[in-house]
2 protein chains.
Amino acid sequence: MSTSVTSRALDLLGAFGPEHRALTLSSLARRAGLPLATAHRLVAELHRWGALARLDTGEYVIGRRLWDLGLLAPVQAGLRQAASPFLHDLYGATLATVHLAVRDELEVLYIDRISGHASVPVVSKVGSRLPMHATGVGKVLLAHAPEPVRGEVLQRLHRVTPYTVTQPARLLEQLRRVRAEGFATTGEEMSPGACSVAVPVRGPDGEVVAALGIVVPDLRRERARLVAALRVAAQGIGRVLTSAQWKQGLA
Amino acid sequence: MSTSVTSRALDLLGAFGPEHRALTLSSLARRAGLPLATAHRLVAELHRWGALARLDTGEYVIGRRLWDLGLLAPVQAGLRQAASPFLHDLYGATLATVHLAVRDELEVLYIDRISGHASVPVVSKVGSRLPMHATGVGKVLLAHAPEPVRGEVLQRLHRVTPYTVTQPARLLEQLRRVRAEGFATTGEEMSPGACSVAVPVRGPDGEVVAALGIVVPDLRRERARLVAALRVAAQGIGRVLTSAQWKQGLA
DNA sequence: GACGGTCCTTCCGGCCAATGGAAGGTAAGT
DNA sequence: ACTTACCTTCCATTGGCCGGAAGGACCGTC
């Protein structure tokens, strides 16, 4: 055993997640694998510092101080900053949910998002990770990912909705077309009633550094217009991405 | 002394701030008031867990794992979510930098922000805190703050630019007008070349829960139109803010 | 090429702070 | 009144933390 105090405290923080935003002391202890008394002491300390806050129900949640800290993280800061205005343009032109995402290991990491009043409800949130084979931005990133990654992902095509592509051969063919045509689409493959289009964002050296996508209820009618708008925005982002700003993002 | 290990680790994290996003090991140790060897051990542990990341320069920055955690914090989550679409509308209508802010003790805390291509460069950032007496959103929040808070703030009107209002009597008169007219303005009081207009966002019970503001290079020409647009957006946000969604935000 | 500076990393024995079982208190459900 | 589940406090034991010191890497400067 011999786990250090620090790592225990961190494990308590790690017990929080998208599915577990509010936890009682005892569930925190359980999830972190700590004796209740120990968890109690550590949680009290985290709470005193402001890393955790306590709701009036007695449950603990991530505190404001960690929110502050999180915002300081240089997670693709250069990319986010460069892309922000273009995302707004794109939203203005389409009034659809707009996504900016990068690849994180075998998943898609959503870096920024805009959704308006009438947008289709979608699962994604800034900071959330979703499977690559079932999202528009995911397919774009997968199509341009290094071969080993693609291999790994193709082995684990789990079904999300009835329309999710789960046959490796079929997905491979789609990826080929993504590279050839320069955009990817999905049709209710991640969540019912949501279709998406996405294009690659290319950095100064021409390599794909991110994907830009939008989610709409129906794709058939104006795919051409959407792809055009996406391309304009993606090119704009790429132009702004000088290597100076870009170096900040870390793996 | 007798500072616990955990609080020492947290102090190391607390050494980061808007002005100090990247720190070397030794400056971390200095800022946290820890012996180098101790800091080294703790930082290594934080790094291993992913709370800190290391740039290729050897400096440490806040890591992705803390970014993830921070996004889980329910810091005005209900408000942010409710307001988001209206912020975009507002940006679309004005093409100016748009701010959503709440009061945090004696300062303004920026909850969300949109800035486009041509917007005036401004200091604010999501998560940053600025003085209330020199910003549009600040004046709105101050005008509707409880008396003790207003008293405190009026005693500390430090000058930021040559145009900053530093006479308590004059600011009080402005706040009176803010309450009467329903909007606040600033003219280069926080940063040169930036003027702002802001209006209150009222919750279900009519109390002021946030402020909505925009920053423009010049105010004289279309103040009326901007105020009108702001009011529409603020009312929209207020309407969406059911008490159910609102309870999440914590002090 | 020796020197002064700043940085990072490793080591290890003394000592003190973290540990966690146990007991007591609260609250809700049966 | 019993049961279950939660939170909080206490304290004797002990094992992990502490941090001075030593060593190494990497600048620039003389």
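Over chain A, dividing the summed -39,500 (n - 2.57) contributions of all DSSP H runs of at least 4 residues by the number of residues returns a 222 nm mean residue ellipticity of -13500 deg cm²/dmol. Estimated at 0.36 nm per residue, the fully extended path between A:V232 and A:S7 surpasses their Cα-Cα distance by 76.4 nm.
In the full protein context, the protein assembly as shown carries 46 Å² of accessible surface per residue, based on a 1.4 Å probe and ignoring ligands, DNA and RNA. Between chain B and chain A, the total buried accessible area stands at approximately 4600 Å², from heavy atoms with a 1.4 Å probe.
Along region B:61-68 the Karplus relation, 6.51 cos²θ - 1.76 cosθ + 1.60 evaluated at θ = phi - 60°, assigns HN-Hα couplings of 9, 4, x, 5, 5, 6, 4, 3 Hz to successive residues, with x for each Gly and Pro. FRET efficiency for the B:A44 to A:H47 pair, using the beta carbon distance and R₀ = 25 Å, is estimated at 0.50. Per residue of B:55-63, other chain Cβ atoms within 10 Å of the residue Cβ number 3 on average. For region A:16-63, the set of GluC sites (Glu not before Pro) satisfying both a DSSP loop assignment and a count of at most 12 other C-beta atoms within 10 Å is given as A:E19.
For B:K125, the aspartates and glutamates whose Cα comes closer than 19 Å to its Cα, not counting residues fewer than 8 places off in the same chain, are A:D68, A:D112, B:E19, B:D68, B:D104, B:E105, B:E107, B:D112, B:E188, B:E189. What a 1.4 Å probe finds exposed on the protein assembly as shown is 53% carbon and sulfur by accessible area, rounded to a whole percent. Across the identical copies, the label point of B:T161 (7 Å from Cα in the Cβ direction) is separated from its matches by 4.8 nm, in order from shortest. A full extension of the chain between A:E181 and A:R239 corresponds to an added length of 18.8 nm, given 0.36 nm per residue minus the alpha carbon distance.
In chain A, the beta carbon lying closest to the axis that superposes A onto B belongs to the residue given here with its whole-angstrom distance, A:G70, 1. Backbone N atoms of region B:117-133 closer than 18 Å to the 7 Å Cα→Cβ label point of B:D218 belong to residues B:118-121.
Taking all protein chains as they are arranged and a probe of 1.4 Å, the heavy atoms of B:T94 leave approximately 20 Å² accessible to solvent.
Cα centroid distance between region B:134-184 and region A:80-127, in Å? Cα centroid to Cα centroid, the span is 37 Å. Ordering B:T57, B:G17, B:H47 by Cα displacement along the dipole of region B:5-71 toward the positive end leaves B:H47 in first place; charges were set at the Cβ atoms of Lys, Arg (+1) and Asp, Glu (-1). Springs between alpha-carbon atoms under 10 Å, Gaussian network over chain B: tell me which of B:H99, B:H133, B:H158 tops the mean-square fluctuations. Looking only at B:H99, B:H133, B:H158, the largest GNM fluctuation is found for B:H158.
From the alpha carbon centroid of region B:42-71 to that of region B:186-232 is 37 Å. Remark: label point of A:S27 defined 7 Å out from Cα along the Cα-Cβ vector; separations to the same position in other copies 4.1 nm, ascending. If you take every residue apart from B:R176 with its C-beta less than 12 Å away from the C-beta of B:R176, what net charge results, scoring Lys and Arg +1 and Asp and Glu -1? Charge balance in the 12 Å sphere: +3. Using a 7 Å projection from Cα along Cα-to-Cβ, the label point at B:G58 is separated from the same position in the remaining copies by 5.1 nm, smallest value first.
Here the gap between B:H117 and B:R156, fully extended at 0.36 nm per residue and compared with their Cα-Cα distance, gives a gain of 10.5 nm.
The values are calculated or read from the model by the stated rules, or taken from the named source; none is laboratory data. Everything quoted here is computed from the prediction, not taken from an experiment. All Cβ positions, even for glycine, are placed from backbone atoms using ideal geometry, and neighbour counts span all protein chains on display. Side chains included, ligands, DNA and RNA excluded: accessible areas come from the protein's heavy atoms. Shrake-Rupley method; radii C 1.70, N 1.55, O 1.52, S 1.80 Å.
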